[in-house]
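Remarks on the structure that follows.
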Amino acid sequence: MKVAAAILAAAAAGLVALVGVAAVSARPVLFLGAGLAVFLTAAAAGVALATRGRPRQPRRQRVVAFAVGTLAGVAVFTVTALLPTGDARLPPPPVGGQRFWRLPTGSRIAYVRVPARATPRRTPVVFLHGGPGVADMAGDAAYFGQLARDGYDVWVYDQVGTGRSSRLRDPRQYTIARDVADLEAIRQRIGADRLVLIGHSWGAQVAAGYMAAHPTHVAKAVFVSPGALAPALDDGSGGLVRGRLITRQQLGLYALLLRPRVLLAYSLLQVNPEAAHAFVGDAEMDARNDRVYNHSRPALHCRGAPVGPALHGLGFYANQFPQSAAARPWADPRPRLARQTTPALVVKGACDYMSWSSAVAYRQALPRAELVYLHRAGHNAYQDQPAAFLATVRAFLAGRPLPVAPWTAGVPPDYEGPP
């Protein structure tokens, strides 16, 4: 028992050394080698101490115990943490008319345009997906493309780091500021002076950041199940998605997340994103991220509602870095938003896992914002209540009275998320 305890203690020391070296070096050969060296040294010392005081035990037996224990530890680490997960990497579904932009920011962005089918308007609609890193170009183009009937050119694109768009070598570049810069480059590329922005979840945060940086280029904005508007308002409710899963679903999710290789990559991401990316690349982590997202889909909707389509080609590092301990706080857009007169609509569903205050913050920050509350709608409100959602957005964009009266009271009694 003492020998086994010594080996386990050595393994813990090796992992600490591995992560510690990774904090200052992104080279796997260095931080993996450091972890192995510390493990072997600590194992030898631990076994020696554990077997001291046993004079009758031959030296050969002590050597065998050390060899067997350390080899077993190295073998377990190799199998669980060094060998790839083996998940199949499936591409996102093809979308008719999908093309690419090469932006001056360095991003290669996949996009699709749904052209106006009525008298064209000068201001196009641009949809910003959520996640971050969760792109559904096929579904979003089909749904929001319905606004083309009202004369809008509708543009749907995969943000950098997800879908068919390019990945970045340094995960630390996955920020709201980068997405804002890409969006401004896109506006210039399509030749529009002003945009109608529809942002979902993370996309709402990007839309708010864009409005703060480029206030004259936004005609109207819709914020759907928005994420935290400012760092000071981040209440952690974005991490409550797992709480909406039933026990069986949670156990299946943890089975995907608790693979040692995945845990190690996540741990490295907290201290040195470049080290994590060098240890496990985009292809492998994106494939595992697809499985995690698809397993979590029930949490995005009201209980008993359809869970929406399975998605593939999602971006792990685009998703996880902005939420990591290594990420820096983004710029607070509220001071600039407070000076704007841009009409805005905030849409919140009753089954959203995000806090109620996350939506109220947008209404309070923008002088001309209204909040609409949809019953029986979850985080992906436009999938749960497609008709009501679309009718509300179309009325808002047309300047007509909303079919759902704006919500001006406190937390609704049937709201299922935190206050």
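The values are calculated or read from the model by the stated rules, or taken from the named source; none is laboratory data. Treat the numbers as computed from the prediction; the structure is a model and nothing was measured. Cβ atoms come from the backbone with ideal geometry, glycine included; neighbour counts cover every protein chain shown. Accessible surface areas use protein heavy atoms only, side chains included; no ligands, DNA or RNA. Shrake-Rupley method; radii C 1.70, N 1.55, O 1.52, S 1.80 Å.
Inside segment 1-22, can you point out the residues that are open to solvent by 50 Å² or more (accessible area, probe 1.4 Å) and not charged (D, E, K, R)? Lay out the reasoning, then the answer.
Kept after step one, since they are open to solvent by 50 Å² or more (accessible area, probe 1.4 Å), are these residues of segment 1-22: 1-2, 4-5, 8-9, 12, 15-16.
Across segment 1-22, the qualifying residues are Met1, Ala4, Ala5, Leu8, Ala9, Ala12, Leu15, Val16.
Can you go through Arg368, Arg339, Arg376 and tell me which one is more than 21 Å from the chain's Cα centre (by Cα), on the phi > 0 side of the Ramachandran plot and either at pLDDT 95 or above or buried (at least 19 other Cβ atoms within 10 Å of the Cβ) (or both)? Break it down into steps so the answer makes sense when it comes.
Working: Arg368 fails: on the phi > 0 side of the Ramachandran plot; Arg339 fails: on the phi > 0 side of the Ramachandran plot.
Of the residues listed, the single one that is more than 21 Å from the chain's Cα centre (by Cα), on the phi > 0 side of the Ramachandran plot and either at pLDDT 95 or above or buried (at least 19 other Cβ atoms within 10 Å of the Cβ) (or both) is Arg376.
Looking for whichever is within 25 Å of Ala148 (Cα to Cα), aliphatic (A, V, I, L, M), surrounded by fewer than 21 Cβ atoms within 10 Å (Cβ to Cβ) and in contact (Cβ under 8 Å) with a residue 24 or more places away in the chain here; the options are Val404, Val393. Which one fits?
Values: Val393 fails: surrounded by fewer than 21 Cβ atoms within 10 Å (Cβ to Cβ).
One residue alone meets the criteria, Val404.
I'm checking my understanding of the structure. Among residues of segment 27-62 that are at pLDDT below 65 and either of a type in the set (Phe, Trp, Tyr) or in a helix (DSSP H, G or I) (or both), which one is surrounded by the most Cβ atoms within 10 Å (Cβ to Cβ)?
Across segment 27-62, the extreme among qualifying residues is Arg62.
Among the helices (runs of 4 or more DSSP H) contained in segment 328-419, which hold 3 or more residues that are over 14 Å from Ala204 (Cβ atoms) and aliphatic (A, V, I, L, M)? Even if it seems obvious, please write down each step before you answer.
Working: elements: 334-337, 356-365, 381-384, 386-398.
Because the criterion is at least 3 residues that are over 14 Å from Ala204 (Cβ atoms) and aliphatic (A, V, I, L, M), the helices (runs of 4 or more DSSP H) in segment 328-419 that meet it are 386-398.
Give me the residue from segment 126-156 that is farther than 16 Å from Tyr382 by Cα, in contact (Cβ under 8 Å) with a residue 60 or more places away in the chain and of a type outside the set (Ser, Thr, Tyr) and, out of that set, surrounded by the fewest Cβ atoms within 10 Å (Cβ to Cβ).
Going through the qualifying residues, I end up with Asp150.
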